[in-house]
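A.B. asks: Please find one structure pasted underneath; my questions will follow.
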Amino acid sequence: APRYEGEYYKIQLAALKTYSPNDKRYTAMSQFGSVQTETILSKQMTRVLVATFYTKDEAKRALSAVKQKGFSLAFIVKYTNGERYGRVNL
């Protein structure tokens, strides 16, 4: 996934053992932002994210829309200068 300077947000849709970039559930989320992935080597999993949002309000609006589209467990993740800070409640 791309890394940026400053503070920004992504929405994590899922963390999966097997991810297919052609899965319609995830490709449909591109209407809210680019669909990106991050590999979790220690767990052999892939995070699936919708990104990138530069304001809290933008991230909250996108999260609401993503949840309405069936990803009820999705959440917002904060990044600072490219480093994942973790899940945040905005």
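A.B. asks: Across region 41-90, what is the total count of residues that are exposed (fewer than 11 other Cβ atoms within 10 Å of the Cβ), part of a loop (DSSP other than H, G, I, E, B) and under 12 Å from the mean Cα position of the chain (by Cα)?
C.D. replies: Of the residues in that region, 1 qualify.
A.B. asks: Here is a follow-up. So PRO2 ticks every box in (1) free of Cβ contacts under 8 Å to residues at least 12 places away in the same chain; (2) part of a loop (DSSP other than H, G, I, E, B); (3) not charged (D, E, K, R) but one. Which box is left unticked?
C.D. replies: The one condition PRO2 does not meet is (1).
A.B. asks: So the check is Cβ under 6 Å with 6+ separation or different chains; which pairs have a first residue in region 19-30 that's in contact (Cβ under 8 Å) with a residue 12 or more places away in the chain and a second one that's open to solvent by less than 80 Å² (accessible area, probe 1.4 Å)?
C.D. replies: TYR19/THR46; TYR26/VAL35; TYR26/VAL48; MET29/VAL35; MET29/VAL50
A.B. asks: Here's something else I'd like to know. Regarding TYR19, is this residue at pLDDT below 95, surrounded by fewer than 19 Cβ atoms within 10 Å (Cβ to Cβ) and outside any strand (DSSP E or B)?
C.D. replies: Details: at pLDDT below 95: yes; surrounded by fewer than 19 Cβ atoms within 10 Å (Cβ to Cβ): yes; outside any strand (DSSP E or B): yes.
Spelling it out, TYR19 is indeed at pLDDT below 95, surrounded by fewer than 19 Cβ atoms within 10 Å (Cβ to Cβ) and outside any strand (DSSP E or B).
The values are calculated or read from the model by the stated rules, or taken from the named source; none is laboratory data. Note that the structure is a prediction, hence the values are computed from the model and not measured. As a convention, Cβ positions derive from the backbone with ideal geometry for all residues, glycine included, and neighbour counts pool all protein chains shown. For the accessible areas, the whole protein counts, side chains as well, though only heavy atoms, and no ligand, DNA or RNA atoms are used. Shrake-Rupley method; radii C 1.70, N 1.55, O 1.52, S 1.80 Å.
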